[in-house]
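To start, the structure itself, in structure tokens.
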Amino acid sequence: MPLARLPEPFNHPDWIFELKYDGWRALAYVEQGTCRLVSRNGNPFKRFPDLCLKIAMAIRGTAVLDGEVACLDGDGKPQFYELLRRQMTPTFCAFDLLWRNGRDYRGRPLLERKRLLKRLVKPPLLYVNHVEHAGVVLFNVACEQNLEGIVAKLANGRYEPQAEERAEFFEGQLRR
């Protein structure tokens, strides 16, 4: 789902806020001990075979995770140019669970999907945590730490795919 820029951060009881990781957006398709990373344009990422192996080993069963491929320094800060240059080991930063063992979760509220995702994601993968209501505070922290920014999402929001992305798309992708 594409991001929209807003002129200023905000607080709101219906929204959650996450740090924005500076990397490449990807869907991770996990099935039968394998993983494929696919860009938001539907193109496979072929340059991350080691990361795919780590994801496949960390996630049992079938799953589709939405996240960001990023290189993180010792403080956990994204280093985009290191990702471009392939100078650091990439990490998959998971922020949403779309599909799990034959169940489509996209119609469920975001906080429910994140709760399920948090139980699923284990190191070396990174679960992207969130704060509720307090977007201004998180934005100020992101500025102080010289991070890319924050992402605001409706806490009860559904994962609304584009028209051509339906459950069949996920099933077909998992079976390839």
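What follows draws every value from the coordinates through simple rules; no lab data is involved. It should be emphasised that the depicted structure is a prediction, and the values quoted were computed from it without experimental measurement. Note that we place each Cβ from the backbone using ideal geometry, even for glycine, and neighbour counts take in every protein chain shown.
Worth pointing out:
- Among the residues of segment 37-65, those identified as surrounded by 21 or more Cβ atoms within 10 Å (Cβ to Cβ) and part of a strand (DSSP E or B) are Leu37, Ala63, Val64, Leu65.
- Residue count, segment 1-23 (criterion: within 26 Å of Arg115 (Cβ to Cβ) and either without any contact (Cβ under 8 Å) to a residue 60 or more places away in the chain or β-branched (Val, Ile, Thr) (or both)): 3
- Against the list (1) within 25 Å of Gly33 (Cα to Cα); (2) surrounded by fewer than 18 Cβ atoms within 10 Å (Cβ to Cβ), the condition Leu84 fails is (1).
- Residue in segment 79-89 that is over 24 Å from Arg158 (Cβ atoms), outside any loop (DSSP other than H, G, I, E, B) and touching a residue at least 12 places away in the same chain (Cβ under 8 Å) present: yes
- Condition check for Thr62: closer than 27 Å to Asn156 by Cα and of a type in the set (S, T, N, Q): yes
- Residue identified as crowded, with 16+ Cβ neighbours inside 10 Å and touching a Ser or Thr at 6+ places or on another chain (Cβ under 6 Å) among Leu138, Leu126: Leu126
- Restricting attention to segment 3-36, the residues being among the charged types (D, E, K, R) and in a strand (DSSP E or B) number 4.
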